[in-house]
Amino acid sequence: EDQVTQSPEALRLQEGESSSLNCSYTVSGLRGLFWYRQDPGKGPEFLFTLYSAGEEKEKERLKATLTKKESFLHITAPKPEDSATYLCAVQTSGTYKYIFGTGTRLKVLA
Amino acid sequence: GAVVSQHPSWVICKSGTSVKIECRSLDFQATTMFWYRQFPKQSLMLMATSNEGSKATYEQGVEKDKFLINHASLTLSTLTVTSAHPEDSSFYICSARDPTNTDTQYFGPGTRLTVL
């Protein structure tokens, strides 16, 4: 069965304290892996798409990487405005549907 | 980037009534839209896939007669919650597949439904 797991479930960081969020997946065939940011009461906001192992994408303080079994979202020198829930989703071969992970709730303290 | 809107952003209704939620892709045409449901502090649960001009495909366990989906144009999909009950109260989010990047879904802001 296709499965996506995110860890940790929640993370508290001091402003400027870099860290990484993990998204592990077990799927029959990976079409793409997606990272989103979701603020409370809002819809997910697209961040990155990764297609193949070794691929990396960057945007401001965020960097996403992909291996054959997992993806990491690295947050460098985070700011309080980076506080949100970060979701990863996997798309398997032959479908456009997403399988979402449970998310990581990030809180960055000033 | 691609923009998806939803209307209304929140709605309160009485038990037994029906509620319609609209999802629009504002700057692109979407042949495929998706409807999700999200409970507090939980991830998104896919309810159905909506394809323009054809019947929606529902996920296992989702009642087709309860959640009616219509995708009548390339920019509009609607979800109607029929005979709503308090257990239908939830956050409903739609997404649209960007045809210029066929794998990426862009999400609407969500609709908070409260059934009294």
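The values are calculated or read from the model by the stated rules, or taken from the named source; none is laboratory data. Nothing here was measured: the structure is a model prediction, and the numbers come from that model. Cβ coordinates were reconstructed from backbone atoms using ideal geometry, including for glycine residues, and neighbour counts include every protein chain displayed. Note: accessible area is taken over every heavy atom of the protein model, side chains too, but ligands, DNA and RNA are not part of it. Shrake-Rupley method; radii C 1.70, N 1.55, O 1.52, S 1.80 Å.
Check each of the GluC sites (Glu not before Pro) in segment A:1-98 and keep only those in coil by DSSP with at most 16 other C-beta atoms within 10 angstrom; list them in order. Write down the numbers at each step before the final one.
On the way: sites: A:Glu1, A:Glu9, A:Glu15, A:Glu17, A:Glu45, A:Glu55, A:Glu56, A:Glu58, A:Glu60, A:Glu70, A:Glu81; in loops: A:Glu1, A:Glu9, A:Glu15, A:Glu17, A:Glu55, A:Glu60.
Filter output for segment A:1-98: A:Glu1, A:Glu9, A:Glu15, A:Glu17, A:Glu55, A:Glu60.
With a 10 Å cut-off between alpha carbons and a GNM built on chain B, which of B:Gln60, B:Gln42, B:Gln105 moves the most?
B:Gln42
Identify the chymotrypsin sites (Phe, Trp or Tyr not before Pro) of segment A:5-110 meeting these criteria: DSSP loop state and at most 14 other C-beta atoms within 10 Å of the C-beta. Show your work: numbers first, answer last.
Numbers: sites: A:Tyr25, A:Phe34, A:Trp35, A:Tyr36, A:Phe46, A:Phe48, A:Tyr51, A:Phe72, A:Tyr86, A:Tyr96, A:Tyr98, A:Phe100; in loops: A:Tyr51, A:Tyr96.
Those that pass, being in a loop and sparsely packed, are A:Tyr51.
Take chain B, connect every pair of alpha-carbon atoms lying under 10 Å apart with a spring to form a Gaussian network, then pick out the residue of B:Asn51, B:Asn101, B:Asn70 with the largest mean-square fluctuation.
So, out of B:Asn51, B:Asn101, B:Asn70, the one fluctuating most is B:Asn101.
Taking each pair of distinct Cα atoms in chain B once, what is the resulting Kirkwood hydrodynamic radius in Å? It would help to have the intermediate numbers written out before the result.
On the way: mean 1/r = 0.0712 Å⁻¹.
After inverting the pairwise mean of 1/r, the radius is 14.0 Å.
Give me the accessible area per residue for the protein assembly as shown, probe 1.4 Å, as a whole number in Å². Intermediate results must be reported in sequence, preceding the final value.
Working: 10980 Å² over 226 residues.
Counting only protein heavy atoms, the per-residue value for the protein assembly as shown is 49 Å².
Between B:Lys55 and B:Glu87, what length comes free when the chain is fully extended (0.36 nm per residue of separation minus the Cα-Cα distance, one decimal in nm)?
Roughly 9.0 nm would be gained on extension.
Let me see the P(r) profile for the protein assembly as shown: every Cα-Cα distance counted, bins of 5 Å, each bin given as a percent of all pairs.
Reading the bins upward from 0: 1, 7, 14, 18, 19, 16, 12, 8, 4, 1, 0.
Rounded to a whole number, what % of the accessible area of the protein assembly as shown do carbon and sulfur atoms account for, probe 1.4 Å?
On the way: 5470 of 10980 Å².
Summing carbon and sulfur atoms, their accessible area is 50 percent of the total for the protein assembly as shown.
When chain B is treated as a GNM, springs tying every alpha-carbon pair under 10 Å, which of B:Lys66, B:Lys41, B:Lys14 comes out with the largest mean-square fluctuation?
Among B:Lys66, B:Lys41, B:Lys14, the largest mean-square fluctuation in the Gaussian network model of chain B belongs to B:Lys41.
Count, for each residue of A:84-97, the Cβ atoms from other chains sitting within 10 Å of its Cβ, then give me the mean as a whole number. Don't skip to the answer; put the middle values down first.
Numbers: counts 0, 2, 0, 2, 1, 3, 0, 3, 0, 0, 0, 1, 9, 7.
Per-residue shielding by partner chains comes out at 2.
Ordered by residue, what ³J(HN,Hα) values in Hz, to whole numbers, does segment A:47-60 give under the Karplus form 6.51 cos²θ - 1.76 cosθ + 1.60, where θ = phi - 60° and Gly and Pro are x?
Coupling constants for segment A:47-60: 10, 9, 10, 10, 10, 9, 4, x, 6, 9, 9, 10, 7, 6 Hz.
With +1 assigned to the C-beta of every Lys and Arg and -1 to the C-beta of every Asp and Glu, and no other charges, what is the dipole magnitude of chain B about the Cα centre in debye, to the nearest 20?
Its charge dipole is roughly 260 debye.
Greater than 31 Å separation of Cα atoms is the criterion. Which listed pairs, A:Lys42/B:Lys55; A:Lys79/B:Lys41; A:Lys59/B:Lys66; A:Lys97/B:Lys20; A:Lys42/B:Lys64, meet it?
On the way: A:Lys42/B:Lys55 28 Å; A:Lys79/B:Lys41 22 Å; A:Lys59/B:Lys66 41 Å; A:Lys97/B:Lys20 23 Å; A:Lys42/B:Lys64 26 Å.
Violating the 31 Å Cα-Cα cut-off are A:Lys59/B:Lys66.
With a 1.4 Å probe and all protein chains in place, put B:Ile69, B:Ile93 in order of accessible area, largest first. Mind dumping the intermediate values first?
On the way: B:Ile69 30, B:Ile93 0 Å².
Result, largest first: B:Ile69, B:Ile93.
Count, for each residue of A:39-48, the Cβ atoms from other chains sitting within 10 Å of its Cβ, then give me the mean as a whole number.
Working: counts 1, 2, 6, 7, 16, 12, 4, 9, 0, 1.
Counting other chains' Cβ atoms within 10 Å and averaging over A:39-48 gives 6.
Using DSSP to call loops (not H, G, I, E or B), can you name the trypsin sites (Lys or Arg not before Pro) in segment A:41-104 whose Cβ has at most 14 other Cβ atoms within 10 angstrom?
On the way: sites: A:Lys42, A:Lys57, A:Lys59, A:Arg61, A:Lys63, A:Lys68, A:Lys69, A:Lys97; in loops: A:Lys42, A:Arg61, A:Lys68, A:Lys69, A:Lys97.
For trypsin sites (Lys or Arg not before Pro) across segment A:41-104 that sit outside H, G, I, E and B with at most 14 neighbouring Cβ atoms in 10 Å, the list reads A:Arg61, A:Lys68, A:Lys69.
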